[in-house]
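Here the structure is laid out as structure tokens; the discussion comes afterwards.
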Amino acid sequence: MFKGRTLMAVAVVFGIWYVLAFLFKTPILPYPHTVFSTLPLSMERGLGNHFGVSGYRILLSLSWALITAVPLGLYLGRRKRIDELVSPMIYLIYPIPKIVFLPLILLLFGLGDLSKIFIIFIIVFFQILVTTRDASKGIDEEQILSVLSLGARPKQIFLHTIFPTCLPKILTSLRVSIGTSIAVLFFVESFATENGLGFFILDAWSTLDYLSMYTGIMGMGILGVVLYEGVDRIERRYCRWMFST
Amino acid sequence: MIEVQDLAASYSEKGSKKIVFENLFFEVSSGVPLSVIGPSGCGKTTLLYLLSGLKKPEKGEILFRGERLNGHRREIALVLQHYGLLPWKTVFQNASLGLRIRGFSKKETKKTVLPILRELTIDHLLDRFPNQLSGGEKQRVAIARALALKPSLLLLDEPFSSLDAFTREHLQNLILNICRQRELALVHVTHSIEEAVFLGEKALVMNEGGYDLLSINGVGMAERDSEYRKNDLFHQYCNLLRGYLKR
């Protein structure tokens with residue numbers, strides 16, 4: 001799973017962490033090895049469970065966003081008139097911080113998981129939608145004509161041309177969305193919940209248990225790495241041509 | 001094989017209709033290849049799309065084997081200017097695409113495509129992606145894809161424009177051989193006068209506001225080879241086309 005370059009990146013991050021911890025010499029910034037030594041204790045306090053809950057929330061919201069935004073984006077990109085109608089609505093809603101709808105979302109979906117997943121979903125939905133639509137819009141018409149000239153029907157044009165052309169950009173938007181969704185995750189797990197990495201970090205912070213706090217932060221980092229690595233694997237498998245030289 | 005009657009094409013610009021060409025009449029048959037030549041924007045590519053059935057004429061009609069052409073036909077193969085290869089498909093997958101789209105089994109596809117790839121000497125590149133190929137190799141894959149459908153009419157849109165002189169001449173010879181062996185009718189759009197004369201027995205010279213249909217069959221298809229480029233007749237026809245293009 002981890003290649004040499006990934007290990008090197010980890011070494012650099014920990015190196016910087018060591019230097020900063022040495023320079024500041026404060027309990028708020030402990031040395032990495034002290035944080036690692038706290039890991040078994042944090043696991044006993046349910047860090048693994050919190051990691052699982054956060055992973056579930058992120059995966060579900062990203063899946064919802066992909067399932068809805070990708071087909072819609074592909075469709076809008078190929079239908080100029082409908083795109084001209086829908087785009088102003090997208091541009092109106094996209095820049096509004098969706099967090100402002102939190103009271104409404106809580107009212108509609110309650111205090112449970114659904115409201116948390118929904119708020120992450122609605123934020124990343126627009127990122128994926130706009131990128132996919134632009135990718136679909138920018139498809140070289142000659143490619144479509146070349147497949148049409150072989151007798152392709154609309155479904156075959158979609159399968160052989162539109163979707164494969166847009167896939168690398170969809171995956172890029174997914175990468176951006178992973179970063180966004182983890183940032184939003186921390187926020188949504190700061191209220192009305194007693195599980196998730198965001199809750200774990202805030203709980204440790206409020207009791208001045210900085211070592212546990214850092215284990216939670218590391219958990220978020222690992223969650224990101226796992227998701228990014230997953231996307232990279234999908235890309236290497238389904239966009240093999242991009243890596244051929 | 002294909003007959004064009006009173007064909008016209010236009011486009012809209014700022015609300016007004018601009019005519020690209022009109023009153024176009026010609027026919028193409030197997031063994032008498034047609035070169036279409038003219039300045040940029042004269043409608044050469046539009047004409048090719050109309051002949052391929054990808055676009056419908058707004059006026060006039062195209063008859064293919066006596067029947068009105070209504071949409072794409074398997075017997076008509078089009079090779080586009082930038083090859084139209086799909087970057088995520090390998091050479092074999094690109095060459096097989098037409099057959100796969102038409103529901104041929106993997107076995108049947110392999111049986112049809114491999115000999116064509118061998119004939120075009122690209123059978124050693126089966127698993128390569130287009131970004132790993134030279135311009136000439138990409139062009140051969142595009143030709144292989146067109147031939148896999150066993151067409152009777154081959155339409156080429158400036159097929160050699162981005163190739164070096166050596167590869168260009170080599171592929172021109174290859175196209176001639178393919179058309180001869182398979183008795184294909186050929187319509188070939190080009191900017192190059194030499195290419196038009198080498199590949200065509202007839203030339204459709206398209207200029208703004210009109211067209212000329214010329215016979216340039218100095219040497220028959222059967223005798224045409226690289227030596228023809230050195231022939232006086234070849235140069236005479238080049239000068240003839242040059243004269244018509246300037247008008």
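The values are calculated or read from the model by the stated rules, or taken from the named source; none is laboratory data. What you see is a predicted model, and the numbers here were worked out from it, not measured in a lab. Cβ: placed from backbone, ideal geometry, glycine included. Neighbour counts: every protein chain shown. Note: accessible area is taken over every heavy atom of the protein model, side chains too, but ligands, DNA and RNA are not part of it. Shrake-Rupley method; radii C 1.70, N 1.55, O 1.52, S 1.80 Å.
Condition first: more than 17 Å from B:Leu176 (Cα to Cα) and within 13 Å of chain A (Cβ to nearest Cβ). Now tell me which residues in the stretch B:114-144 satisfy that.
Result: B:Leu125, B:Asp127, B:Arg128, B:Phe129, B:Pro130, B:Asn131, B:Gln132, B:Leu133, B:Lys138.
If I ask for residues that are surrounded by 12 or more Cβ atoms within 10 Å (Cβ to Cβ) and among the charged types (D, E, K, R), which ones from the stretch A:226-245 would you list?
Once the filter is applied, which keeps residues that are surrounded by 12 or more Cβ atoms within 10 Å (Cβ to Cβ) and among the charged types (D, E, K, R), the stretch A:226-245 yields A:Glu229, A:Asp232, A:Glu235, A:Arg240.
Name the single residue that is surrounded by the fewest Cβ atoms within 10 Å (Cβ to Cβ) among those in the stretch A:3-28 being without any contact (Cβ under 8 Å) to a residue 40 or more places away in the chain and in a loop (DSSP other than H, G, I, E, B).
That would be A:Lys25.
Considering each residue of the stretch B:73-87, count those that are more than 7 Å from chain A (Cβ to nearest Cβ), closer than 12 Å to A:Val147 by Cα and open to solvent by 10 Å² or more (accessible area, probe 1.4 Å), and give that number. Before you say what the answer is, go through the steps one by one.
Going through the stretch B:73-87, the residues more than 7 Å from chain A (Cβ to nearest Cβ) turn out to be B:73, B:75-77, B:79, B:81, B:83, B:85.
Okay, now just the ones that are also closer than 12 Å to A:Val147 by Cα, so B:77, B:79, B:83, B:85.
Checking which are open to solvent by 10 Å² or more (accessible area, probe 1.4 Å) leaves us with B:83, B:85.
Number of matching residues: 2.
Considering only the stretch B:154-207, how many residues are of a type in the set (Phe, Trp, Tyr) and open to solvent by 10 Å² or more (accessible area, probe 1.4 Å)?
1
Could you check the stretch A:94-212 for helices (runs of 4 or more DSSP H) lying wholly inside it with 1 or more residues that are within 14 Å of chain B (Cβ to nearest Cβ) and either open to solvent by 20 Å² or more (accessible area, probe 1.4 Å) or acidic (Asp, Glu) (or both)?
Because the criterion is at least 1 residues that are within 14 Å of chain B (Cβ to nearest Cβ) and either open to solvent by 20 Å² or more (accessible area, probe 1.4 Å) or acidic (Asp, Glu) (or both), the helices (runs of 4 or more DSSP H) in the stretch A:94-212 that meet it are A:141-148, A:154-157, A:163-188.
Among all residue pairs at least 6 apart or on different chains, which show Cβ distances below 7 Å where the first residue, located in the stretch B:80-103, is among the β-branched types (Val, Ile, Thr) and the second is assigned to a helix (DSSP H, G or I)?
B:Val91/B:Leu125; B:Val91/B:Val141; B:Ile101/A:Gln156
Of everything in the stretch B:134-145, what is open to solvent by 20 Å² or more (accessible area, probe 1.4 Å) and either part of a loop (DSSP other than H, G, I, E, B) or closer than 30 Å to B:Phe64 by Cβ (or both)? Give them in sequence order.
Of all residues in the stretch B:134-145, those open to solvent by 20 Å² or more (accessible area, probe 1.4 Å) come to B:134-135, B:137-138, B:140.
If the condition is that a residue be open to solvent by 20 Å² or more (accessible area, probe 1.4 Å) and either part of a loop (DSSP other than H, G, I, E, B) or closer than 30 Å to B:Phe64 by Cβ (or both), then B:Ser134, B:Lys138, B:Arg140 are the ones that fit.
Sort out which residues of the stretch A:90-146 are acidic (Asp, Glu) and within 21 Å of A:Tyr75 (Cβ to Cβ), and write them in order of number. I'd like the intermediate steps shown before the answer.
Of the residues in the stretch A:90-146, the ones acidic (Asp, Glu) are A:113, A:134, A:140-142.
Matches in the stretch A:90-146: A:Asp134, A:Asp140, A:Glu141.
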